[in-house]
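Since the structure comes first, as structure tokens, the remarks are kept for the end.
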Amino acid sequence: MVYIAVSFIPWIIYWTLCGLEFRLGVVFSLIISATLVIFQRMLKSCNLMDIFSMIYFSLASIITFILNQDFFISYSGSAGYFALFLMAVVSIVFKQPFTLMVSRRDWPKAYWRERSFLLINNIISAVWMSIFLINAAFFLLFSKPYDVILSNLFIAFGIAFSITFPVKAAAYFVVKEYVKPFGRFDWRIEVDPKMAKGEDEYDVIVVGAGIGGLTCGSLLAKRGYKVLVLEQHYQVGGYCSSFKRRGFTFNAGVEDVSGLWEKGPLTYLLRELGLNREDLFVKNVARFIFKGKRIEAKSLEEYVELLSKMFPHERENILAFFDDARKAYMECYSDAEAYGTPLPPELIAKVFGVKKLVDYPREHPHFYDWMNKSFKQKLDEYFSDEDLKELLSALLSYVGTSPERTPASTALTACISYYLYGGYFPKGGAQRYADSLKSVIERCGGRVLVNHRVDRILVEAGVVKGVMVGDKVFRSPIVVSNANAKTTFLELVGEKNLDREFIEYIRGLKMSPSCFMVFLGVDADLSNYPSLLKNLDEGYEIVFNSNADPSLAPKGKTSLTVLTSANYYDFPPRGTEEYYRKKSELTQALIQKVEKVIQGLSEHIVAKEAATPRTFERYTSMPEGAIYAFDQSMGVKRPYFKTPIKGLYLVGASTFPGGGIEAVTISGMICANDICGWRVRASSTKS
């Protein structure tokens, strides 16, 4: 409104002086409006009202002093307001409402593309259009001082409306888009951890001991809740688990963990649980093979320098891209200090208030821009070299989508973050980290039972009551499911407890890609390789487990894992001859590819295992062996962490923010905080 008020200055002078029949009023107004336009041009900005004002007063000066006509003096009120009315009409017709240019000064560019932004400005401009027309009529129908009084009253109304309406309207659209759809799921279950419980009664039962479930369970146990975790496998962890063969330790899936920087969610989690990051994780060193070249850097600065040498014509763009990425990433985590994690829009509104969500684009301009583009659009914005774009998309395997289908914000937090702050390998193997969370639960009085597959989540009248394992019943008013959402709703809850529309939505969710992994124990020292080698030319990755942690292989030997993407339906059913034949053929083909980099590898293999998507499905119960649960492409909306069943939560890769250790950790932290009523803030847990 400051800018609009300034734009009204030449008109106020015009109406005041010409109302006193002072002809130079049009000249003074022309000088002021021209000054405003020149000043804007210097700032490389534009305001339609100021441009129109300069044109109007130029015409008025010509007619007044050259043609010696007093029309613009005698009818200053009605002529001026009617001219402004025409300006407003034209601006709306051409879909450029005159308030739009002013509004853009207060909002980041990313917000300009929002339909609500244009709609709000159309409404404000339409209100002003009506005011201008009404005031023009006042000056024709009423004499002084009534015409001035009435017109000023309407101008005051317009100013008040322009101040309050954008905030109210933005809040309305935010509530409609982000808050209302989940409002029917925003139930609250009050649990008193101090109240005595029966032997098989718990405050919270967690179904599945993946990292999302273990995170939620460990936080709640630490905060005094009586927690039970039930796991169908013989060990906890899900994809974050390990196994041993002939003295070699291999991870089932985890190779590179983010979220361990100073403000990262895992850093916060470990601090609250009293665990030491240095005891559990070690920083990875990654090497890329791209177009026959080997690219390896230990820091962002080193990586930027390498890229600049490879693509000297893109040097400035590389610097600008990573500067933008760092700013966006820091904005994403700027509010994480309150609860240790970024929150989705609907929770920002719930926890911090709707105004916080309305102000989000203004307070997070860089990240908001990434939120509204695909990763390909973001790359195209900065680079023209296709090879550079391909190289910067190397870590999209951590998301399972292509650049054009990947939300830029997902690429930023799940991929580019590794360049900014590095990735980490779990010391002692992934199982050690999962077991550490299990130990916290047990140390705080909770129970973790393996080989306990939940057969049914008990629901009565839309409210969860507990779970059934075989013929054994465990009671709780809260159940947190770390099982995939399809398994949770279609098998454990049952369709009879859910409405048809929700069931169809769950059925329609597409699973993410899976992978094929070969685990090799080698009687050779390969310590000259980094912990991660990503061969972009051949489409596979090697994790040198024992190069990250030497304890994972006998001295002088190497534990390594080779992995590549795979489609579940390309593999025959387990147990068939065709399945084992295909598994063997793919294993040999992958080893042959690796031997181009590690010559003579096959001659030193002393332990060998392989895992297909069907293997992962067997051990984790994840449909199709999907490694990120559901497809993580743009436009795919994961299930909300609160479900239509009162008391039933989701954690893990099925819900916000998706797949990956950091992501499922965030889901567990969000769930634990919601169960606690958002009372425990991160600042109170800092040591």
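Bear in mind these aren't lab numbers, they're just calculated from the coordinates by the rules spelled out. All figures in this text were calculated on a predicted structure; none of them were measured in a lab. Heads up, the Cβs are rebuilt from the backbone with ideal geometry, glycines too, and the neighbour counts pull from every protein chain shown.
Across the options V448, V467, I478, the greatest Cα extent toward the positive end of the charge dipole of segment 415-479 (unit charges at beta carbon of Lys, Arg, Asp, Glu) belongs to V448.
Of all DSSP-defined beta bridges confined to the chain, some 70% are antiparallel rather than parallel. Positive end of the charge dipole of the chain (Lys, Arg +1 and Asp, Glu -1 on Cβ, about the Cα centre): tell me which of Y382, L492, S143 has its Cα farthest that way. Farthest towards the positive end: L492. Within the chain, the whole DSSP H helices whose Cα atoms reach 30 Å or more along their own axis and whose mean Kyte-Doolittle score is at least 0.0 are 115-141, 146-174. Kirkwood-type hydrodynamic radius, segment 571-611: 11.3 Å, calculated from all non-identical alpha-carbon pairs. Entry for segment 373-485 at q = 0.15, 0.19, 0.20 Å⁻¹: log10 I(q)/I(0) = -0.85, -0.98, -1.03, Debye formula applied to identical alpha-carbon scatterers, no solvent contribution. The smallest convex shape that holds all Cα atoms of segment 82-146, its convex hull, gives 84 Å³ per residue. Partner aspartates and glutamates whose Cα lies under 16 Å from the Cα of K642, excluding those fewer than 8 positions away in the same chain, are identified as D186, E190, E346, D499, D674. Take the residue pairs K283/K486; K109/K637; K44/K180; K327/K356; K350/K472; K486/K534 and return only those whose Cα atoms are more than 30 Å apart. Pairs exceeding the cut-off: K283/K486; K44/K180; K350/K472; K486/K534. A straight line joining the Cα centroids of segment 15-90 and segment 643-676 runs 60 Å. Placing unit charges on the Cβ atoms only, positive for Lys and Arg and negative for Asp and Glu, gives the chain a dipole magnitude near 940 debye about its Cα centre.
Kirkwood radius and radius of gyration were both taken over the C-alpha atoms of segment 155-263, and their ratio Rg/Rh is 1.24. By the equivalent-ellipsoid construction on the alpha carbon gyration tensor, segment 516-560 comes out with semi-axes of 19, 11, 8 Å, ordered largest to smallest.
Taking each DSSP H run with n ≥ 4 as -39500 (n - 2.57) and averaging over every residue of the chain yields -13500 deg cm²/dmol at 222 nm. In terms of overall dimensions, segment 31-102 has a Cα radius of gyration and Dmax of 13.5, 37 angstrom. Over segment 343-394, the reciprocal of the mean inverse Cα-Cα separation, the Kirkwood hydrodynamic radius, stands at 12.9 Å. Over segment 1-57, the reciprocal of the mean inverse Cα-Cα separation, the Kirkwood hydrodynamic radius, stands at 11.3 Å. With the convex hull constructed from alpha-carbon coordinates only, segment 292-420 shows a mean projected area of 8.4 nm² over all directions. Between the listed residues V27, W370, L357, the Cα displaced farthest toward the positive end of the dipole of the chain, a dipole computed from Cβ unit charges relative to the Cα centre, is found at L357. Annotation: Cα Rg of the chain relative to the compact-globule expectation 2.2 N^0.38 Å equals 1.20.
Between Q599 and E381, what FRET efficiency follows from the Cβ-Cβ distance if R0 is 41 Å, with the result rounded to 0.05?
Working: r = 42 Å, r/R0 = 1.02.
That pair, Q599 with E381, gives E of 0.45.
Counting neighbouring beta carbons within 10 Å and listing from fewest to most, the residues C240, C444, C216 come out as C444, C240, C216.
Would you work out the charge dipole size for segment 73-227 about its Cα centre, treating the Cβ of every Lys and Arg as +1 and the Cβ of every Asp and Glu as -1, and quote it to the nearest 20 debye?
420
DSSP loop (so not H, G, I, E, B), at most 10 other Cβ within 10 Å: list which chymotrypsin sites (Phe, Trp or Tyr not before Pro) in segment 232-267 pass both filters.
Y234
Summarised in one figure, the compactness ratio Rg/Rh of segment 418-552, Cα atoms and Kirkwood Rh, is 1.09. I want to verify the translational diffusion coefficient of segment 406-459 in µm²/s; compute it with Stokes-Einstein, Rh as the Kirkwood radius over Cα pairs, at 20 °C and 1.002 mPa s. Calculated translational D: 144 µm²/s.
Return the Rg/Rh ratio of segment 2-183 with Cα-based radii and a Kirkwood Rh.
Ratio of gyration radius to Kirkwood radius: 1.03.
The order of the peptides 59-72, 218-231 by mean Cβ neighbours within 10 Å, most packed first, is 218-231, 59-72.
Computed on segment 515-562, with alpha-carbon pairs under 8 angstrom and 6+ residues apart, the relative contact order is 47 percent. Each peptide in 189-201, 611-623 was scored by the mean count of other Cβ atoms within 10 Å over its residues; highest first, the order is 611-623, 189-201.
Going by neighbour counts of Cβ atoms within 10 Å, the residues C676, C415, C46 line up, fewest first, as C46, C676, C415. When you restrict to C-alpha pairs under 8 Å that are six or more residues apart and normalise by the size of segment 433-589, the relative contact order lands at 14 percent. Rounded to the nearest 0.05, the FRET efficiency derived from the C-beta distance between S130 and F352 at R0 = 51 Å is 0.90.
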